[in-house]
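Chemist: Okay, here's the structure, questions in a sec.
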Amino acid sequence: MKTLYLYNTLSRKKEEFKPIKKDKVGLYTCGPTVYNYAHIGNMRAYIFADLLARTLRYNYGETRIKWVMNITDVDDKTIRDSKVKYSELDPNKALKKFTAEYEKYFWEDMKKLNIKKPDVIPHAADQKYVEKMQALINKIVKAGYGYIKDGSVYFDVAKYYKNYKYGKLINLDMDGFKAGVRIDADEYEKENVQDFVLWKNQEKGDPFWDYKLDGKSLPGRPGWHIECSAMGQETLGMPFDIHTGGVDLKFPHHENEIAQSVIGCNVDQPVNYWLHNEYLLVDGVKMSKRYKNFYTLRDLEEQGFKSLAFRYLCMQTHYGKQMNFTFNSLKAAEDGLRHLKNQVRELSNDEPGEVNQGYKNKFFKAINDDLNLTKALAVVQEMLKSDLSGRDKLATVLDFDRVLGLKLDQVDEDIELPEDIKSFVAQRVEARMENNYDESDRLRVEIEKRGYSIEDTKGGMRVVKK
Ligand code: AMP
Ligand code: ZN
């Protein structure tokens, strides 16, 4: 068994990963809030989670990972926008219809990025999970850490702070903290440490779920933080191994998740490893919907880029470092990926041979060093340039691609040829059918002049960008 090292936000250190159970590693990723198209900053978070899930599978076996990604289909933003878009519908139905649309787009994007579907995808607005959230809130209130106020239920941060550490993932300055001041918003800054909402009283015209607590009827809906605590507990049990999200989720979301689970699930440490990806930036500023500086995958496609080029681009910067997005870097990544695919294409005339263990060990060492993908890609190049046989190179690179996820086994279908090249290729097929080899050679020269080369193989013709 290889040793896997991961940077744990809890300890602010790279640590050896030790799973709780031998047979199954539990991984929870905070999923999208489905109120709009996800932007490529969000995509960075999910590419990171996918690379982590693939690395775990590569280490422990394909079936020994349980990856959970929730869908946040009830929160402030989904409710706000669903009411506007489907004002004619019952609010619960409007919310369901509205979020289902954006969830569909989300999975389309995930597919384009070759992100494998997680094993379990709990939806926060499902009655089944809402009941789990309510059960968890009941326990928190019973333990004396939650209280009802004006039809909502809040978590008592002052009391928690007295007995436990609040601020495990980021350093919180609790000096300005005022006990009993409450905040209802799902998202807030760390300057506003306050009692946060577990269950929100229904506002007029909002979707709601029935809830009875202490004999009181509290129609309303869950707060964002309790959603993930309950879904994590229900799908993975407590404690579980790894939790991921972007750095912006450290506070308040993950800090509150920890506090809720410590009290409601009776565990000292709900999650052993917290991993956070840094931001994708544009011109030095976080890409976000709030700043209107975001691109979606569709925007990249409109500019002629393939989604996998963005995946490859993300692999060039360690997930724990900020990454500045530019179209020039995307173009360079696309060229790099094309080059890699051409290298693999040259090998794929043969059946794959044996995976080379020496290079596999080097590759393992790179990815197991907190997902050092730049190093892993350097190992790929070193292996491809080595004196291994073509067949063994092919087997080895395809084995590595279980982690990289660059679809290196599908090199042909990915080439999009320009119209003039397509037309020359078609004419050349015709010329060869008529045994007109002079014409066929002339067309080959035309194709080569334009930066492409053509190979005649058993399976037909192949056009490759040089
Ligand atoms: P949301 O749908 O807003 O809940 O965000 C989904 C995920 O994307 C979360 O893990 C966020 O932390 C992450 N995220 C949001 N913006 C960025 C960004 N600019 N760069 C990297 N990750 C981000
Ligand atoms: Zn979450």
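The values are calculated or read from the model by the stated rules, or taken from the named source; none is laboratory data. It should be emphasised that the depicted structure is a prediction, and the values quoted were computed from it without experimental measurement. Neighbour counts are summed over all protein chains in view; Cβ atoms, including those assigned to glycine, are modelled from backbone coordinates with ideal geometry. All accessible areas refer to the heavy atoms of the entire protein, side chains included, with ligands and DNA or RNA removed. Shrake-Rupley method; radii C 1.70, N 1.55, O 1.52, S 1.80 Å.
Chemist: Is there any pair with a first residue in the stretch 246-257 that is outside the structural domain of Y166 (by TED's automatic domain parsing) and at pLDDT below 95 and a second that is open to solvent by less than 20 Å² (accessible area, probe 1.4 Å) and within 10 Å of ligand 2 (Cβ to nearest atom) whose Cβ atoms are under 9 Å apart and which are 6 or more apart or on different chains, and what are they?
Modeler: none
Chemist: Among residues belonging to the stretch 196-219 that are over 28 Å from S87 (Cβ atoms) and open to solvent by 20 Å² or more (accessible area, probe 1.4 Å), point out the one that is farthest from ligand 1 (Cβ to nearest atom).
Modeler: Among those residues, the one meeting the criterion is G215.
Chemist: A further question on this structure: Which of the residues that make up the stretch 220-240 are away from ligand 1 (no atom under 16 Å from the Cβ) and free of Cβ contacts under 8 Å to residues at least 40 places away in the same chain?
Modeler: M238
Chemist: Related question: Are any residues in the stretch 62-112 polar (S, T, N, Q) and either within 19 Å of the chain's Cα centre (by Cα) or in a helix (DSSP H, G or I) (or both), and if so, which ones?
Modeler: Across the stretch 62-112, the qualifying residues are N70, T72, T78, S82, N92, T99.
Chemist: Listed residues D90, D81; which is away from ligand 2 (no atom under 16 Å from the Cβ) and buried (at least 17 other Cβ atoms within 10 Å of the Cβ)?
Modeler: D81
Chemist: Another one. Quick check on my filter: what residues within the stretch 259-276 are within 16 Å of ligand 1 (Cβ to nearest atom) and open to solvent by less than 10 Å² (accessible area, probe 1.4 Å)?
Modeler: Answer for the stretch 259-276, where residues must be within 16 Å of ligand 1 (Cβ to nearest atom) and open to solvent by less than 10 Å² (accessible area, probe 1.4 Å): V271, W274, L275.
Chemist: Another question, then. Of the conditions (1) more than 16 Å from ligand 2 (Cβ to nearest atom); (2) open to solvent by 10 Å² or more (accessible area, probe 1.4 Å); (3) aliphatic (A, V, I, L, M), M287 satisfies every one except a single condition; which number is it?
Modeler: Tallying (1) more than 16 Å from ligand 2 (Cβ to nearest atom); (2) open to solvent by 10 Å² or more (accessible area, probe 1.4 Å); (3) aliphatic (A, V, I, L, M), M287 fails exactly one: (2).
Chemist: Can you say whether D195 is acidic (D, E), in contact with a Phe, Trp or Tyr (Cβ under 7 Å, 6 or more places away or on another chain), farther than 21 Å from T78 by Cα and in the same structural domain as L51 (by TED's automatic domain parsing), as far as the supplied structure shows?
Modeler: It is true that D195 is acidic (D, E), in contact with a Phe, Trp or Tyr (Cβ under 7 Å, 6 or more places away or on another chain), farther than 21 Å from T78 by Cα and in the same structural domain as L51 (by TED's automatic domain parsing).
Chemist: In the stretch 350-366, is there at least one residue being under 18 Å from L51 (Cα atoms) and assigned to a loop (DSSP other than H, G, I, E, B)?
Modeler: no
Chemist: In the stretch 99-134, what residues are open to solvent by 60 Å² or more (accessible area, probe 1.4 Å), in contact (Cβ under 8 Å) with a residue 24 or more places away in the chain and more than 12 Å from E234 (Cβ to Cβ)?
Modeler: Selection gives Y105, K112, K116, D119, Q127.
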